[in-house]
Amino acid sequence: MRNFIYVFACVSLLLHSCGVNSNLMFKVPKGEMNYDSIPLQPMEDYRISVDDKITFDLTTNKGANIIDKMSGVDLESVATPSVYEYTVRRNGKVELPVIGEVAVAGLTIQECEDFLIQKFDSYQDPFVQVKVTNQRVIVFPGNGSDAKVIPLLNSNTTLMEAIAQAGGITDRGKASTIKLMRKINGERVVYGIDLSTIDGLKYVDMIVQANDYIYVEPTPELAKEISKDVVPIVSILSSALLIFTAISTLK
């Protein structure tokens, strides 16, 4: 009897400590999901950050390309203007032709364009267009792992487009429990989205923002996890119980 109690205690301890569905992430206590104040449009313009990659076109208002001319490119030998990409360094600055290092971190795209127009004012009537090329969102489509990094090719990418580019919600995904995690004022805010009913149509056209995380909660695979983690343990303990029983019989 004592051996049986010992084995039972071991089984209980192992069952308590085994990692059933331990791969599930971003668990939120029930009732604490924010479903009411989801911003369907960006609350503020994106601001350039450290490690962002930017391109900028510098022309005159008449369309003459200035960047290629500054870089020594023979404009008559190329079919289209060159595209140059620049990385925002850890100090928030970017190294640009002619003007050297300039601080751009924290500026919106419009502010950056206006700022560069001032810097290049030695050129007659300059026109600047800036684009951040490495904006992306991360989508977990509902299988518990296999996240997809989705580049934002335009500033109006919707929630539905981001999920579609990730392959759609998987068979395990719970359309009723989608978490959108967005950094606001330096902290991640979690919004709950329910796409399981027709009422969810109001969310499909919401504009996602750079560095958003979209997590489709997967349905727990209890049977699979138990069979994988618990059955081998029970088998080992059953064998141990047989050995204990045999030893007790011989005494």
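The values are calculated or read from the model by the stated rules, or taken from the named source; none is laboratory data. Nothing here was measured: the structure is a model prediction, and the numbers come from that model. As a convention, Cβ positions derive from the backbone with ideal geometry for all residues, glycine included, and neighbour counts pool all protein chains shown. Ligands, DNA and RNA are excluded from the accessible area calculation, which covers all protein heavy atoms including side chains. Shrake-Rupley method; radii C 1.70, N 1.55, O 1.52, S 1.80 Å.
Working only within the range 114-127, note down all residues that are touching a residue at least 24 places away in the same chain (Cβ under 8 Å) and under 17 Å from residue 47 (Cα atoms). Reasoning before the result, please.
First, the residues of the range 114-127 that are touching a residue at least 24 places away in the same chain (Cβ under 8 Å): 116, 120, 123-127.
Selection gives 116 alone.
Could you count how many residues in the range 119-156 are modelled with pLDDT under 90 and either assigned to a helix (DSSP H, G or I) or of a type in the set (Lys, Arg) (or both)?
1
Among the residues that make up the range 161-174, is at least one of them assigned to a strand (DSSP E or B), touching a strand residue (DSSP E or B) at 6+ places or on another chain (Cβ under 6 Å) and open to solvent by less than 80 Å² (accessible area, probe 1.4 Å)? Full working, then the answer.
Narrowing the range 161-174 to residues assigned to a strand (DSSP E or B): 173-174.
Filter once more, keeping what is touching a strand residue (DSSP E or B) at 6+ places or on another chain (Cβ under 6 Å): 173-174.
Subset that is open to solvent by less than 80 Å² (accessible area, probe 1.4 Å): 173-174.
Yes, the conditions are met somewhere in the range 161-174.
Could you check the range 175-219 and list, in sequence order, the residues that are assigned to a loop (DSSP other than H, G, I, E, B), of a type in the set (Asp, Glu) and surrounded by fewer than 19 Cβ atoms within 10 Å (Cβ to Cβ)?
Correct list: 194, 205.
Would you check which residues across the range 147-160 are in contact (Cβ under 8 Å) with a residue 24 or more places away in the chain and surrounded by fewer than 18 Cβ atoms within 10 Å (Cβ to Cβ) and list them? Talk me through it step by step, then tell me what you get.
Narrowing the range 147-160 to residues in contact (Cβ under 8 Å) with a residue 24 or more places away in the chain: 152, 155-160.
Listed by number, the residues that qualify are 155, 156, 158, 160.
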